[in-house]
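**Student:** The following block contains the structure, expressed as structure tokens.
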Amino acid sequence: MDATQLLKGVLDAAVLAVVEDDDGYGYDVVRRLRSAGLEDVGDASVYGTLRRLYAAGALSSYVVPSEEGPHRKYYGINARGRELLETQRKSWRAFSETVDHLLAPEGAPR
Amino acid sequence: MSTTLPVPTAPRPGGDGGATGDPSLDARWYAAAVRSELSDLPADVVEELSGGLEADLAELAAESSTPLAERLGPPSGYAAELRSAAGLAPRSAGGARGSGLWARATEGVREDVEHAAAHLRAQRWWPGAVERAVLLRPAWWALRGALLGWLLVGAFWGWGLTPGGFLFLLAAVAASVEVGRRRPVVPWKRALVLAANVLAVLIAPFALSSVAGPQTVYVDGGYVSSDPAASSGVWVDGRQVTNLYPYDAQGRPLTGVQLLDDHGQPVATTTGAAQDWTTSEGPSPLVPVVDAEGAVRWNAYPLAVQSETGGAPVLPPLPQPTLAPLVGAGASAAAAPGASATPTELPGTTPTAGVLEPLPEPATATPPALTPTASVSAG
């Protein structure tokens, strides 16, 4: 099974989840996702998702100027993002339970 | 925490990236390439998509020495992933330019180039080569300035190197280094720098050949012409010599002295033809002597001058009547007046043309034996 295909469907929820407690800039978010176990996540996919969630009003963003290098763009979750995350959590649970059930070996205790 | 600040409209031009070195350079390059892939989108959308990209890429680049293009794949793929994740249409579907034959053709070429570049980056030696090339960049900036300065000076003030032209050249070098150090990020400035680089590469062979090759020297055509015959004869300080006046060690003029060059060829100022002389008016007609075998000798000096009255040839007046005796071999001979001067035979200088015939006695001179003695002129 192609894990990257599965990842696409849950990337929004995963990104929202890793910025839920702490704001993060693009590469920071990528690192959090990878250390959480999503090692195959693509940099550009995460950045694109951050931008889309921002455009959808689920994230707020702010720029931190840096003296030594280019500006860093941070993202933080907002009220709308929390609602969205909660919805996605519910639908993921329902979905994963369904798929677990579906894929469970025959006769195995559930 | 949830404050919304305006996104930066552009990366700071000029940049202080010069100090941060290679990873930052790689990040800038990659970010610029990604932006150009997004160029069909409205500017605010591009900024929204790629804002902060340099910082993220710089951090990624600083983690390892592997080039970004190798870790992330080609910028076009990165940009496509960014678009797709951001919910935007892929470039080929919606762009203002995108469906034409030309666009498809260039797309194919671009993919080939990217493929070749990726192959190159995968080589073992590639990172080292890039590192060295980056180290050599300032040298290229200076050379580029010198080349373009050379072109401008030459185009506006001629190709000779004057002090003013040299100062201009130095200024061009300084300007070029400054431009290189600043690393322009605005597209049209980058295009300008690229054009300057291409131009510098194109004119480099011409500049090098001009510096290394023979300088073009413009000489009064009265002295030098391209006629091969004019380059014969004897020349001193750019002037043609019509006659030669040998003197012995005691400073006394000699007659009938035959001269050979180091190839054993006779040294002749003329062979009697009027076109031997490149000056507008030739000298008085000169007369050769004939040796014992009947051969005409134009290399026995001084050459006699045909007298205007039609009589026997006479020796021309001496250009310099007195010469001080030489210190050394001839000193003892000078102490004995009337003695024959004995030219010192230099070792290894025997002419290679063979034995010369003795000259017959000229009417106005004592018989000059060729070797080893020469007599003082009777005049």
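**Student:** Please verify whether segment B:310-323 includes one or more residues that are out of contact with any Gly (no Cβ under 7 Å at 6 or more places or on another chain) and at pLDDT 80 or above. I'd like the intermediate steps shown before the answer.
**Tutor:** Applying the first criterion (out of contact with any Gly (no Cβ under 7 Å at 6 or more places or on another chain)) to segment B:310-323 yields B:310-314, B:316-321.
Pick out the ones that are also at pLDDT 80 or above and you get none.
Within segment B:310-323, none of the residues are out of contact with any Gly (no Cβ under 7 Å at 6 or more places or on another chain) and at pLDDT 80 or above.
**Student:** Ok, one more. State the number of residues belonging to segment A:89-108 that are of a type in the set (Gly, Ala, Ser) and surrounded by 10 or more Cβ atoms within 10 Å (Cβ to Cβ). Reasoning before the result, please.
**Tutor:** Of all residues in segment A:89-108, those of a type in the set (Gly, Ala, Ser) come to A:91, A:94, A:96, A:104, A:107-108.
Add one more test, that the residue is surrounded by 10 or more Cβ atoms within 10 Å (Cβ to Cβ), and what stays is A:91, A:94, A:96, A:104.
Matching residues across segment A:89-108 total 4.
**Student:** May I pose another question? When you check B:Ser2 against the structure, is it at pLDDT below 80, part of a loop (DSSP other than H, G, I, E, B), farther than 30 Å from A:Ala79 by Cβ and polar (S, T, N, Q), yes or no? Reasoning before the result, please.
**Tutor:** Working: at pLDDT below 80: yes; part of a loop (DSSP other than H, G, I, E, B): yes; farther than 30 Å from A:Ala79 by Cβ: no; polar (S, T, N, Q): yes.
Answer is no for this residue.
**Student:** Check segment B:59-81 and report whether any residue there is touching a residue at least 40 places away in the same chain (Cβ under 8 Å), surrounded by fewer than 21 Cβ atoms within 10 Å (Cβ to Cβ) and more than 30 Å from A:Tyr75 (Cα to Cα).
**Tutor:** no
**Student:** Taking segment B:55-83 as the search range and keeping residues that are closer than 18 Å to B:Leu38 by Cα and not in a helix (DSSP H, G or I), which one is farthest from the other protein chains (Cβ to nearest Cβ)?
**Tutor:** B:Pro74
**Student:** A further question follows. Could you tell me which of the residues B:Ala139, B:Ala133, B:Ala105, B:Ala146 is farther than 22 Å from B:Leu202 by Cα and in a helix (DSSP H, G or I)? Even if it seems obvious, please write down each step before you answer.
**Tutor:** Values: B:Ala139 fails: farther than 22 Å from B:Leu202 by Cα; B:Ala133 fails: farther than 22 Å from B:Leu202 by Cα; B:Ala146 fails: farther than 22 Å from B:Leu202 by Cα.
When all the criteria are applied, what remains is B:Ala105.
The values are calculated or read from the model by the stated rules, or taken from the named source; none is laboratory data. Everything numeric here is computed off the predicted structure, so don't read it as measured data. Positions of Cβ are generated from backbone atoms using ideal geometry, with glycine treated the same way; all protein chains shown enter the neighbour counts.
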